[in-house]
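Taking it in order: structure first as structure tokens, then the write-up.
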Amino acid sequence: GRLPLAPEADAELPQLVEQWLGRDKSMRFVAMDEMARRIVATVDNLPRAQAPSSLWPLLPVGGRMMTESTEAGLQISPGNAARYQDLVGFVTGIDPASALAVYKRIYPVLQRNYEALGYPGRQFNDRLVAVIDHLLKTPDIDKPLLLKLVLVQGEVASQRPWLRYEYATPELETLSTGQKILLRMGRANTQRVKTMLRAVRMEIAPPRP
């Protein structure tokens, strides 16, 4: 196996990832700048209420969330799941063993970036396993997701307020960013991602004998 990168080798990540995934997929799905910082910050933020999309390591899917009005109220349209199809296909198509090999090589860089977030002496891998466990607890919901529109005032009083969607049921609205993203993908996509997450967890946290 190839040797792990030096902890300061942030600049080597894009080339390594491109060699692993191929240029087309890397350019289409991966944010290539500040990759290590993006990975550790986003993993760390997914269980929280906010995970700024400006820091995501994967490029956001295009378009807006598709909604429809029904007798029950405003809901996420069944067609919305199609927006995530390509990204979910990309993520779930990655071979877990090859991902583990890349992860081990870049781990020193991820670890240094994670400690720099404010966690000296803590292992990024422990946080990753905890976050995967958190995402796997995302509720499995087999009915339409009802929404409500919320008026959000701009930070400056003169700014026009903007509208954002929230889940109409309080139990769903209090979920973390990561769990909300999984729900928004649609049930079939969520289940595919959860299967992938379980496989990744097996690789990075083998069960103790």
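The values are calculated or read from the model by the stated rules, or taken from the named source; none is laboratory data. Quick caveat: nothing in here was measured; it's all calculated off a predicted structure. With ideal geometry, Cβ positions are generated from the backbone for all residues, glycine too; neighbour counts draw on all protein chains shown. Surface accessibility is based on the protein's heavy atoms, side chains included, excluding ligands, DNA and RNA. Shrake-Rupley method; radii C 1.70, N 1.55, O 1.52, S 1.80 Å.
Scoring residue 155 on the criteria (1) acidic (Asp, Glu); (2) surrounded by fewer than 12 Cβ atoms within 10 Å (Cβ to Cβ); (3) at pLDDT 90 or above leaves a single failure, condition (3).
Looking across segment 116-150, the residues that are open to solvent by less than 40 Å² (accessible area, probe 1.4 Å), outside any loop (DSSP other than H, G, I, E, B) and more than 22 Å from residue 196 (Cα to Cα) come down to 147, 150. Scanning segment 17-58 for residues that are open to solvent by 70 Å² or more (accessible area, probe 1.4 Å), at negative phi and not in a helix (DSSP H, G or I) yields 33, 48, 49, 50.
Once segment 69-91 is narrowed to residues that are open to solvent by 70 Å² or more (accessible area, probe 1.4 Å) and not in a helix (DSSP H, G or I), the residue that is nearest to residue 144 (Cα to Cα) is 72. If you go through segment 53-69 and keep only what is within 17 Å of the chain's Cα centre (by Cα) and free of Cβ contacts under 8 Å to residues at least 40 places away in the same chain, you end up with 53, 54, 55, 56, 57, 58, 59, 60, 61, 62. Contact map, segment 92-115: first residue within 26 Å of residue 192 (Cα to Cα) and open to solvent by 30 Å² or more (accessible area, probe 1.4 Å), second residue part of a helix (DSSP H, G or I) and acidic (Asp, Glu), Cβ cut-off under 6 Å, separation 6 or more or different chains; pairs are 96/203; 100/203.
If you filter segment 92-114 down to residues that are hydrophobic (A, V, I, L, M, F, W, C) and in a helix (DSSP H, G or I), you find that the one that is modelled with the lowest pLDDT is 97.
Take segment 5-16 and flag every residue that is surrounded by 15 or more Cβ atoms within 10 Å (Cβ to Cβ) and more than 19 Å from residue 91 (Cβ to Cβ). 5, 7, 9, 10, 12 - these are the residues of segment 5-16 that are surrounded by 15 or more Cβ atoms within 10 Å (Cβ to Cβ) and more than 19 Å from residue 91 (Cβ to Cβ). Among the conditions (1) surrounded by fewer than 13 Cβ atoms within 10 Å (Cβ to Cβ); (2) within 20 Å of residue 13 (Cβ to Cβ); (3) touching a helix residue (DSSP H, G or I) at 6+ places or on another chain (Cβ under 6 Å), residue 63 misses just one, which is (2).
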